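Notes for the one structure printed next.
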Amino acid sequence: MTTQPQNIPSGLRQRSQTEKSLDIGFVWLTRIFAFAIAFTLLWIAFQVFVGAIPAIQKFGLSFLGKSAWNPVNDDYGVLPQVYGTLMSSFIGLLIAVPIGVGTAVILSENFLPPKVKLVLVFLVELLAAIPSVVYGIWGIFVLVPPLTSFGKWLNASFGFLPIFSTAPTGPNLLIAGFILAIMTLPIITAISRDALISVPPSLRQAAIGLGATRWETILKVLIPAAFSGIVGAVMLALGRAMGETMAVTMLIGNSNNISTSLFAPSNTISSLLANQFAEAGGLQVASLMYAALVLFVLTLIVNIMAELVVLRVKRL
């Protein structure tokens, strides 16, 4: 006669050895996948570093402070590309963050009928599915003409300001920033909306119970409560903007010069790689790999900063 172990509540059966083995196997499988991702990241970084060694040995850290990119004389520097990468991303986020967070608020609250809200959520997420080359072509034919005309008016009226000191003639830094804003909107909107939806309803009810208006509840309670998720969305969008290649290549002008004017052509690291890698050779390849390593480090720094900000906000 068998008796049920005393440490097992009545109505519950003891797990079989097969089930325990499956659980242990699942744990080890997830560990393998996690380590595989980390190994892949380190392997990519190592391969890029190995390819960049000749340029690192020749230029050192001066590579980051030089503006020349001359394949004839094997003289290379990546300062204009770093400037263009950071500025175009900053312009894109400056436009996309308020629009994206505002859209997330509208889509997470009961401002619209559910059917209309569902369609808008789908359309916003659909922006992420459009290929970047389509954004580039659309920008050339739709964004460039009106922004060029508007830029000429700004240059004529406010040309004394450094940011408007150059008359636009076509693709430039500002247009690249606009296209990055459109391309990062789905990331900011979707993640910010998820963060706002996940805020406990008790916070909203408590704020309204204390006499706060609807907008006071949104601005002073819901957004601060979801701030860590919103910051994470912005940082992910920044990483996306810094690494965008084709659309930016088609719209930024690809000029290896630094200018304070928003209407001047510029360049990014990803655009430099896309334009020159196919025909590069010798030290130029190593310099391009060095530039890719710089972009890799910049993106890594952005992600580390995002994690630190999120962790700091969660502690508050």
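The values are calculated or read from the model by the stated rules, or taken from the named source; none is laboratory data. Remember, it's a predicted structure, so these values are computed and weren't measured experimentally. All Cβ positions, even for glycine, are placed from backbone atoms using ideal geometry, and neighbour counts span all protein chains on display. The area values use the complete protein model at the heavy-atom level, side chains included, leaving out ligands, DNA and RNA. Shrake-Rupley method; radii C 1.70, N 1.55, O 1.52, S 1.80 Å.
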Exercise. Which is small (Gly, Ala, Ser) and closer than 30 Å to Lys220 by Cα, of Ala104, Ala167, Ala129?
Worked result: Ala104
Exercise. Given (1) open to solvent by 20 Å² or more (accessible area, probe 1.4 Å); (2) in contact (Cβ under 8 Å) with a residue 40 or more places away in the chain; (3) farther than 30 Å from Val142 by Cα, where does Gly232 come up short, assuming only one miss?
Worked result: (1)
Problem set entry | Flag for Ala55 being under 17 Å from Gly282 (Cα atoms) and touching a residue at least 40 places away in the same chain (Cβ under 8 Å) | yes
For this session: Please list, ordered by first then second residue, the pairs with beta carbon atoms under 7 Å, 6 or more apart or interchain, first in segment 1-27 and open to solvent by less than 70 Å² (accessible area, probe 1.4 Å), second at pLDDT 55 or above and of a type outside the set (Val, Ile, Thr).
Result: Pro5/Gln14; Ile8/Gln14
Seminar exercise, completed: Exactly one of Arg240, Arg204, Arg312 is open to solvent by 40 Å² or more (accessible area, probe 1.4 Å), in contact (Cβ under 8 Å) with a residue 40 or more places away in the chain and basic (Lys, Arg), and that residue is Arg240
For this session: Look through Ile258, Ile252 and report the one residue that is open to solvent by 40 Å² or more (accessible area, probe 1.4 Å) and over 16 Å from Thr189 (Cβ atoms).
Result: Ile258
Exercise. Across segment 155-169, what is the total count of residues that are touching a helix residue (DSSP H, G or I) at 6+ places or on another chain (Cβ under 6 Å) and touching a residue at least 40 places away in the same chain (Cβ under 8 Å)?
Worked result: 4
Seminar exercise, completed: Of those in segment 267-280 that are outside any loop (DSSP other than H, G, I, E, B) and not polar (S, T, N, Q), the residue farthest from the chain's Cα centre (by Cα) is Glu279
Problem set entry | Answer from Ala264, Ala286, Ala212 - the residue that is in a loop (DSSP other than H, G, I, E, B), in contact with a helix residue (DSSP H, G or I) (Cβ under 8 Å, 6 or more places away or on another chain) and over 30 Å from Ile163 (Cα atoms) | Ala212
Exercise. Which residues, counting only those in segment 14-29, are at pLDDT 80 or above and charged (D, E, K, R)?
Worked result: Asp23
Seminar exercise, completed: Quick count over segment 108-151, residues being of a type in the set (D, E, K, R) and either open to solvent by 70 Å² or more (accessible area, probe 1.4 Å) or more than 21 Å from Ile230 (Cβ to Cβ) (or both), is 2
For this session: Give Ile106, Ile56, Ile95 a once-over and let me know the one that is within 30 Å of Ala278 (Cβ to Cβ) and either of a type in the set (A, V, I, L, M, F, W, C) or in a loop (DSSP other than H, G, I, E, B) (or both).
Result: Ile56
